[in-house]
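Peer 1: Sharing a structure here in structure tokens format.
The values are calculated or read from the model by the stated rules, or taken from the named source; none is laboratory data. Everything numeric in this text was worked out from a predicted model, so none of it was measured. Cβ atoms come from the backbone with ideal geometry, glycine included; neighbour counts cover every protein chain shown.
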Number of protein chains: 2
Amino acid sequence: MSYSMSKAALPSFEIELNALSAILDKAAAFAAEKKVDPAVLAAWRLAPDMFPLSRQVQIATDQAKNGSARLAGIEPPRFEDNEKTIDELKERVAKTLAFIKTIDGKAIDGSGDREITFPLGPTNKGHMKGDDYLTHFVIPNFYFHLTATYAILRHVGINVGKQDFLGAIPMKIT
Amino acid sequence: MSYSMSKAALPSFEIELNALSAILDKAAAFAAEKKVDPAVLAAWRLAPDMFPLSRQVQIATDQAKNGSARLAGIEPPRFEDNEKTIDELKERVAKTLAFIKTIDGKAIDGSGDREITFPLGPTNKGHMKGDDYLTHFVIPNFYFHLTATYAILRHVGINVGKQDFLGAIPMKIT
């Protein structure tokens, strides 16, 4: 089977969002062990003018949800962006995963030459060809915010490793 | 034109490595302004048991270099992994970019069903189908280490933003 936009997008979103959920479990376990309010972790940042953990998870899930919906030519569900705890963030990841599974890969595959228009900050709009939008915007942003989430948790001392980040990828180890 | 593995890989490596080079310029300018030895920045970490900046850049470039070479079925050049300063890291990025440009995209496109074997840590080997290796290993790892580099610099107070990370992507803004 040849490569396709849906193959580049949907299985990675699924594997990585499941990995993100498991990483958030480790964060919740750390909070419980250290008697830290999970809302403190959700608000943690690497720098005062960087987004907190909660926003990193919101944007990562939005890239998967909105990116694949725009490419498939359908309206993505809107989430409230009001998650304050690790449990609420996990629920957002689960809702995103459920939505991703409803997407028709063939609709994504037909979008390579279509112009995609998307919000860019509060007032601007970005315009890209579908395949460029996937390759140079959705995928880099998705991994950026996943890694930022990972880095915040790693920075506060939570024991997550590269395997936690990559998730259940189809790899044989010898 | 339909989507392909080489399209998913080579242009993102090129855009992102150029972006990384520009981010390292900002790091060098910061070091000069604050009278910080650039070797101090190259050795900075987000956590004591995480890789320093220099290693993050080494691995990011290796994913681009070794990943695309393995998919194209050729031997990647070996770098010494001895960079200690921002300038040396920039040189490594430039060498990687020069190599990436020599790669035949069609050789990558023919590798989807081929088993790729690659080192995994000091003793193990990973085995994946070519398309899975690109989608679930090379691309996530590439962006992981680019984002870790960005996060280290952001954490020490260097003024880099999302646009610096994404680089010169083919996007029109209105």
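Peer 1: Tell me the helices (runs of 4 or more DSSP H) entirely within segment A:1-95 that contain at least 1 residues that are under 13 Å from the mean Cα position of the chain (by Cα), within 13 Å of another protein chain (Cβ to nearest Cβ) and not basic (Lys, Arg).
Peer 2: A:5-33, A:53-72
Peer 1: Further, regarding this structure: Of the numbered conditions (1) in a helix (DSSP H, G or I); (2) over 19 Å from B:Ser54 (Cβ atoms); (3) aromatic (Phe, Trp, Tyr), B:Phe118 fails exactly one; give the number of that condition.
Peer 2: It is condition (1) that B:Phe118 fails.
Let's see how each residue does on (1) among the hydrophobic types (A, V, I, L, M, F, W, C); (2) modelled with pLDDT of 95 or more; (3) crowded, with 16+ Cβ neighbours inside 10 Å:
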| site | (1), (2), (3) |
| --- | --- |
| B:Met1 | yes, no, no |
| B:Ser4 | no, yes, yes |
| B:Glu14 | no, yes, yes |
| B:Ala27 | yes, yes, yes |
| B:Lys35 | no, yes, no |
| B:Leu41 | yes, no, yes |
| B:Asp49 | no, no, no |
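Peer 1: Among the residues of segment B:71-80, is there at least one that is within 26 Å of B:Leu166 (Cα to Cα) and touching a strand residue (DSSP E or B) at 6+ places or on another chain (Cβ under 6 Å)?
Peer 2: No, there is no match, as no residue in segment B:71-80 is within 26 Å of B:Leu166 (Cα to Cα) and touching a strand residue (DSSP E or B) at 6+ places or on another chain (Cβ under 6 Å).
Peer 1: For segment A:121-141, name all the residues that are farther than 15 Å from A:Met5 by Cβ and over 17 Å from the mean Cα position of the chain (by Cα).
Peer 2: Within segment A:121-141, A:Gly121, A:Pro122, A:Thr123, A:Asn124, A:Lys125, A:Gly126, A:His127 qualify.
Peer 1: Turning to a different aspect of this structure: Every residue in segment B:118-128 that is surrounded by fewer than 18 Cβ atoms within 10 Å (Cβ to Cβ) and facing chain A (nearest Cβ under 7 Å), please.
Peer 2: Scanning segment B:118-128 gives B:Leu120, B:Asn124, B:Lys125, B:Gly126, B:His127.
Peer 1: Restricting the first residue to segment B:71-88 and requiring it to be closer than 26 Å to B:Ala43 by Cβ, which pairs with a second residue that is loosely packed, with under 14 Cβ neighbours inside 10 Å and among the hydroxyl-bearing types (Ser, Thr, Tyr) meet a Cβ separation below 6 Å and a spacing of at least six or different chains?
Peer 2: none
Peer 1: Oh, and also: Return yes when B:Leu53 is buried (at least 19 other Cβ atoms within 10 Å of the Cβ), in contact with a strand residue (DSSP E or B) (Cβ under 9 Å, 6 or more places away or on another chain) and not charged (D, E, K, R) and no when it is not. Steps first, please.
Peer 2: Working: buried (at least 19 other Cβ atoms within 10 Å of the Cβ): yes; in contact with a strand residue (DSSP E or B) (Cβ under 9 Å, 6 or more places away or on another chain): no; not charged (D, E, K, R): yes.
Judged against the criteria, B:Leu53 is not a match.
Peer 1: Does A:Ser68 satisfy being within 30 Å of B:Ser2 (Cα to Cα), free of Cβ contacts under 8 Å to residues at least 24 places away in the same chain and among the polar types (S, T, N, Q)?
Peer 2: Values: within 30 Å of B:Ser2 (Cα to Cα): yes; free of Cβ contacts under 8 Å to residues at least 24 places away in the same chain: no; among the polar types (S, T, N, Q): yes.
Criteria not met by A:Ser68.
Peer 1: Could I ask something else about it? Considering (1) charged (D, E, K, R); (2) within 21 Å of B:Ile59 (Cα to Cα); (3) outside any helix (DSSP H, G or I), say which one A:Lys125 fails and leave the rest.
Peer 2: For A:Lys125, the exception is condition (2).
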